[in-house]
Amino acid sequence: MEDWTSFDVRASGPPMSAVEPFIAPPEVQPAINDLLVELQRSLAEPVRGITCDGTVTPGLFTGTAGRTSTAKIRESAAAFLGSLGADDALAARFPIDAEEWRTWFNVHQYVFRHGVMLGNLSSVQRDLALGLVRATLSTGGFEQARNIMRLNGLLSELTSSPTEFGEWLYFVSIFSTPSADQPWGWQLDGHHLNINCLVLGDDMVLTPTFMGSEPCRVTSGRLAGVEVFRAELQAGLDLIRSLDAPQRDKAVLYPSIMTGTLPPHLEHWVDGRTQAGAFKDNAVLPYQGIRGDELSDSQRSVLMTALGVHLGWARPDHAVVRTEQVASHLDDTWFSWLGGTADDEPFYYRIHSPVVLVELDQHPGVVLDIPQPSRHHVHTIIRTPNGGDYGVDLLARHHAEFDHDTGSHVST
C-alpha cells in the first residue's frame, strides 16, 4: 500500500468547526440544507430497526442469563459523572428515551453534537471518560477507538485546524442514571468514532457503533506504528478470496468502486456505499450476495472469523454471547462485495443476517488529496437489525415483563 505521506493535504476553504454549530459556506448551503431536512425527517419516525423488507422479525433476541456482567461499566459511568461540575453534569445527562441517541454523526463538523466535549474537561475527567469506554470495549476495541482519536489529532496537525479536527473533539452523553436494574446508557460521538451503549441489568447492546479513519496507518513521527482496520480489511479479503468462481459471481455485485463506476444510489456523497450509517435506523436493506448455506464448512468458518473481528470490538463476555447469537443464524447470513480483490484495489463489503449487519467501505480522501477510494480512508459500522439497535428490543422485552405505569418496578 502506497504511503499516505506521498499525498498532499487537500486545499480547502475556511475550517468547518467541530466545536461550534456548523454554518455551511454559501456555495454548499442548498445541498447541506437538503441533507439536514432529510436527516430531521428520519428522526420523526420511531426506531423500527434495519429490516430486509420493512417488516421486523420478532423473537430473535434473549437475555444473557447471568453469563455477562456490566458492573464495571456502571461503576465507570458513575465515576465519570461524579467528576463533573454541575454545569457539565447537566450537559452530559439525558433521559433514556432522548432523541439524542439517534443524532450521532460521523462527519467532523458540529452539526448535531450534544453532551460534554472531552476537550473541555480536565485530564482526570478525560481519563474517567476513557475508563468508561475501556470498561465497555475489548482491549483491541478500545485500542482501535483511541487510535482513531489520535489519528483525528494528526489531521489537526496536517491541516493546522485545531477547531476542525483533534484528539479530544469527542462528546460524551449519559442516558438516565447508571443502575443495576434500570435501563441506562452512554454515547461517544465525534469524527469517525460513534459508540452507542444501552445497558439493562447485565445485558448490553453496543450498536450502532461506527469506526473510521483517515489516514489508517502511520509509519513515521510521533504516531509511528499506529494502524487501524488491518484486521477488518484482511477479514473481508480472506472471505472473498475463499470463494470459488460461481460463488464470487453471486457475491461480487460490481467489480470496481473507483469513483464514477457505480450507480448514483451506491455513491452517496456523505456515506459512500454505506447504507446503514447515521440516521439510517429504519433502512430497508434486502439481502444480497451469497447466503451462508451456500458456503462450505471451511468458508463458513472464514465468514464467522470475519464477523468475529467486528463483534470483538465489545468486551469479551458480551462478544462471546453475541457471537453465539450470530452463529445461530449463519445459514441466513449474506455476504456481498463491491470492488476488486487484489491487495491494491479498493472495495466495500457487507455481511447481513437477521441479527447482525456489518459494512466496511473505502473512501476518497477528504483531508488527503487522494481522488479515488483507498485504504487510507476507511469507514466501518456494525448494527443489530430487527429492532436490536439502541436496545429497542431489549427495552420492549423489559417493559413487557415489568409494569412501569405505577412508577415502580413491578413484575407483570
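The values are calculated or read from the model by the stated rules, or taken from the named source; none is laboratory data. Worth saying up front: this structure is predicted, and the values here are computed from it rather than measured. A quick note on method: Cβ atoms are made from the backbone with ideal geometry, for glycine too, and the neighbour counts reach across all protein chains shown.
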Quick check on this structure: which one of ALA319, ALA314, ALA283, ALA306 is buried (at least 20 other Cβ atoms within 10 Å of the Cβ) and either among the hydroxyl-bearing types (Ser, Thr, Tyr) or closer than 23 Å to PHE105 by Cβ (or both)?
ALA314
For a quick check of your reading of the model, give me the residue pairs whose first member lies in the range 158-178 and is within 13 Å of LEU130 (Cα to Cα) and in contact (Cβ under 8 Å) with a residue 60 or more places away in the chain, whose second is of a type in the set (Phe, Trp, Tyr) and surrounded by fewer than 22 Cβ atoms within 10 Å (Cβ to Cβ), with beta-carbon atoms closer than 8 Å and at least 6 apart or on different chains.
SER173/PHE94
Pull up the range 48-72, narrow it to residues that are β-branched (Val, Ile, Thr), crowded, with 16+ Cβ neighbours inside 10 Å and out of contact with any His (no Cβ under 6 Å at 6 or more places or on another chain), then point me to the one that is nearest to GLN275 (Cα to Cα).
ILE50
Does ARG350 satisfy the condition of being of a type in the set (Lys, Arg), under 19 Å from the mean Cα position of the chain (by Cα) and not in a loop (DSSP other than H, G, I, E, B)?
yes
Select from the range 244-274 the residues that are hydrophobic (A, V, I, L, M, F, W, C) and assigned to a loop (DSSP other than H, G, I, E, B) and write down the one among them that is surrounded by the fewest Cβ atoms within 10 Å (Cβ to Cβ).
TRP269
Collect the residues in the range 75-101 that are crowded, with 20+ Cβ neighbours inside 10 Å and not hydrophobic (A, V, I, L, M, F, W, C), keeping them in residue-number order.
SER76
Pairs only if they're at least six apart or on different chains, beta carbon under 7 angstrom, first in the range 64-76 and assigned by TED's automatic domain parsing to the domain that holds PRO183, second hydroxyl-bearing (Ser, Thr, Tyr) and at pLDDT 95 or above; list them, first residue then second.
ILE73/THR136
Check the range 120-130 and report whether any residue there is outside any loop (DSSP other than H, G, I, E, B) and touching a strand residue (DSSP E or B) at 6+ places or on another chain (Cβ under 9 Å).
yes
Of the numbered conditions (1) within 18 Å of VAL378 (Cα to Cα); (2) at pLDDT 95 or above; (3) surrounded by 20 or more Cβ atoms within 10 Å (Cβ to Cβ), THR333 satisfies every one except a single condition; which is it?
(1)
All-but-one check, ASN152 against (1) without any contact (Cβ under 8 Å) to a residue 12 or more places away in the chain; (2) under 19 Å from the mean Cα position of the chain (by Cα), failing number (1)
Touching a Phe, Trp or Tyr at 6+ places or on another chain (Cβ under 7 Å) and in a helix (DSSP H, G or I): does that describe ILE240?
yes
Got a number for residues in the range 306-329 being closer than 18 Å to ASP293 by Cβ, outside any helix (DSSP H, G or I) and among the hydrophobic types (A, V, I, L, M, F, W, C)?
0
Could we say that ASP344 is assigned to a helix (DSSP H, G or I) and either within 16 Å of the chain's Cα centre (by Cα) or not aliphatic (A, V, I, L, M) (or both) here?
no
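Per-residue answers, yes or no, for (1) at pLDDT 95 or above; (2) outside any loop (DSSP other than H, G, I, E, B); (3) in the same structural domain as ALA78 (by TED's automatic domain parsing):
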position	(1), (2), (3)
THR177	yes, no, yes
ALA180	yes, no, yes
ASP189	yes, yes, yes
ASN194	yes, yes, yes
CYS197	yes, yes, yes
PRO215	yes, no, no
GLY221	no, no, no
Sort out for me the helices (runs of 4 or more DSSP H) sitting completely within the range 1-117 that have 3 or more residues that are within 20 Å of the chain's Cα centre (by Cα).
29-43
Based on this model, can you work out whether TRP313 counts as more than 24 Å from GLY260 (Cα to Cα), touching a Ser or Thr at 6+ places or on another chain (Cβ under 9 Å), of a type in the set (Phe, Trp, Tyr) and free of Cβ contacts under 8 Å to residues at least 60 places away in the same chain?
no
